[in-house]
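What follows draws every value from the coordinates through simple rules; no lab data is involved. Owing to the predicted nature of the structure, the values given are computational and were not obtained by experimental measurement. Every residue, glycine among them, receives a Cβ derived from its backbone with ideal geometry; neighbour counts consider all protein chains shown.
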Amino acid sequence: MNKIITAAITFFLLLNFHDSLSQDRIKLLEQRLFDLSQNVSGLNQRVETSVSNGSLKDFLSGIASTHNLNFQVDPSINQRITVYFSDEKVLTVLVYLARQYELDYTFTGSIISISPYRNPLSNLPPPPKELRITYNPSILALTMDLQDDSLLNVAKRITQISGKNIVVLPELYSRKITAYIQNMPVENALEKLAILNSFKLNKTNDDSYVLEALKPGEELVTHQNTPANSNFSVRRTSPSGGGVGGPSSASINIGQDATGKKTITLNVVNSPIKEIIKNIAEQAGISYFVYSEING
């Protein structure tokens, strides 16, 4: 409810600001025309005319010709107008047209350049999309309704409201994600995000979470009826042309057990040992050293 009220207040403030800006603009144009009219008598002459569905550009050209005014009219002005003016000053007519048809006037000596008004606010970037993420501290649960939202912004917001540190690696900075999750613990919610949007989730020793992209040849494998910390694992498949014994393949699953410890499941056929060790280390996020050449 508070968010709705805040959004409504913001809307009305912006609306009032826009109206105020428009009024100030018209007042400024009116003052500039009045100042110019002290030296250009045509602006003080009276207009007597009636137009039905006529060209605004032609109407302005007609006023300039009749009252000896110097107008430069932008070709993009193409509105149709229906107006009737009786014994009205040219200056007042120009103010009316500026307000009614969103025209802008610039002045060079006695020359009035007339063009469509371009609101400077229209060039401002749109306000950032509000993320629909809530956290219930009493049950330590997240609810998220995401639709093509920035993963980086989502991770930042979850960190802010839950106190859980979530690190997004650079390769995922531009990733957009979609998901609906209701009343889930942070870790389970992050797992569901990873499954739905195909990225890896790793938990570090200090209870932080690291989100990283799947590497070439990796895919997520979901598990059924497993503890909360092992809803999915990463499988790496690396078929190759084969070595001495013929074609080779390797499927490596890195998962977690109920205590959070990582588990490894291998399905390897004729694959080099050093490649298997390398893939396991990469997926498990561990460092290793080789002191001599590994053959086999």
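For region 62-109, just run the numbers: alpha carbon Rg, then divide by 2.2 N^0.38 Å, N being how many residues it has. Don't jump to the answer; show the numbers that get you there.
Values: Rg = 11.3 Å, N = 48, 2.2 N^0.38 = 9.6 Å.
Taking N as the residue count of region 62-109, the ratio is 1.18.
If each residue's Cβ is checked for other Cβ atoms within 10 Å, how do Tyr209, Tyr101, Tyr173 rank with the fewest at the top?
Fewest-to-most ranking of Tyr209, Tyr101, Tyr173: Tyr173, Tyr101, Tyr209.
Round to the nearest 0.05 the FRET efficiency obtained for Val51 and Thr159 when R0 = 45 Å and r is the Cβ-Cβ distance. Numbers along the way, then the final one.
Values: r = 63 Å, r/R0 = 1.39.
Efficiency, rounded to the nearest 0.05: 0.10.
How big is region 85-125 on each of its three principal axes, counting only the C-alpha atoms and giving the largest first in Å?
45, 25, 10
Per residue of region 57-66, what does 6.51 cos²θ - 1.76 cosθ + 1.60 with θ = phi - 60° give for ³J(HN,Hα)? Whole Hz please, x for Gly and Pro, Karplus curve as stated.
4, 5, 4, 5, 4, x, 4, 4, 5, 5
Please order Arg46, Arg99 by the number of other Cβ within 10 Å, starting at the fewest.
Lowest count first: Arg46, Arg99.
If you split all Cα-Cα distances of region 128-213 into 10 Å bins from zero, what percentages do you get per bin, shortest first?
Values per bin, smallest distances first: 18, 59, 22, 1.
For Thr66 and Tyr96, what does the FRET efficiency come to when R0 = 25 Å and r is the distance between their Cβ atoms, rounded to the nearest 0.05?
Approximately 0.90, to the nearest 0.05.
Using amide H atoms built 1.01 Å from N in the peptide plane, name the residues 5+ places from Ala141, or on other chains, whose amide H lies under 5 Å from its own.
Those qualifying (amide H under 5 Å, at least 5 residues apart or on another chain) are Asn136.
Using a simple charge model, +1 on the beta-carbon of Lys and Arg, -1 on the beta-carbon of Asp and Glu, nothing else, what dipole does region 128-213 show about its Cα centre, in debye to the nearest 20?
My answer is approximately 120 debye.
Taking all pairs of different Cα atoms in region 66-151, averaging 1/r and flipping that mean, what Kirkwood radius in angstroms comes out?
18.1
If packing is taken as the average number of other Cβ atoms within 10 Å across a peptide's residues, how do 119-128, 60-69 rank, most packed first?
Peptide ranking by packing, descending: 60-69, 119-128.
Separation of region 21-44 and region 45-110 by C-alpha centroid, Å?
Between the Cα centres of region 21-44 and region 45-110 lies a distance of 13 Å.
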